[in-house]
Amino acid sequence: MIMDDGIAGAGEMDKVARPGLRAGLLDRRSFLFGSAAVGMSALGLAGCATDGMSLAEAEKIYGPVPDEKFPVPAVNLGKLDSKYYRRRVRYDSKEAAGTIIIDPGKHYVYRIEGDGSATRYGANVGRAGFLWSGEAYVGRKAEWATWTPPKEMMARQPEARKYAGGMPGGLGNPLGARTLYLYQNGAYTLYTIYSTSVPQSIGTGVTSGCTGLLTQDMLDLYPRTPVKTKVIVLPA
């Protein structure tokens, strides 16, 4: 996936989701995914929250994760709208348990739980002109993935060329702690579901088509999402 306004390669945000270079590091709020949109039909499904979450509960869910390869800091909840907290919601769907449904219009990602409910995560999504809808599947997964800017990005942003050989995984890497790579018909689409540490990006359209979840949310979703998991992206 391609990112603008920063460094692109796997698919984060433009100004807020695509990794950008700042003081020698990628500004994760600049990660823009500039790849061709994939047009396919998808089912429109609705989800509604069954209950809220207290700030104390959110502080536990979005607290620091010290045991990671690169210790993850706590989320600054002052920069995150509470409606984007992770929660279990009622969600009627005919899709199999484990299916991931991305709703860019509402900035949510749902994992179908198979009992008339889903786990819902707040997300950042593609900006205007880069939204797409259709069906894909998780073709591969990676922890603390290496990020390599695509040729298109290096042409737009010469400063990104220093990472032509790849940026090792770490807190400054635009892909973050976990990455799910989306495929269609055996080919990588350049789109990903990736982890971000920028809470103010959640609920915005800032990428070139990729979908970002807070790191703590990706750490929840990732181990429950095997390769070949079906992913549906709804029309915005």
Next item on the list: Averaging over all projection directions, find the projected area of the Cα convex hull of the stretch 140-236 and quote it in nm² with one decimal place.
Entry: 7.1
Next item on the list: Could you rank the peptides 137-146, 204-213 by their average count of other C-beta atoms within 10 Å per residue, with the highest value first?
Entry: 204-213, 137-146
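Just so you know, all these numbers are worked out from the coordinates, no wet-lab data involved. Values in this document were obtained by computation on a predicted structure and should not be read as measured data. Reconstructed Cβ throughout: ideal geometry from the backbone, glycine too, with neighbour counts over all protein chains shown.
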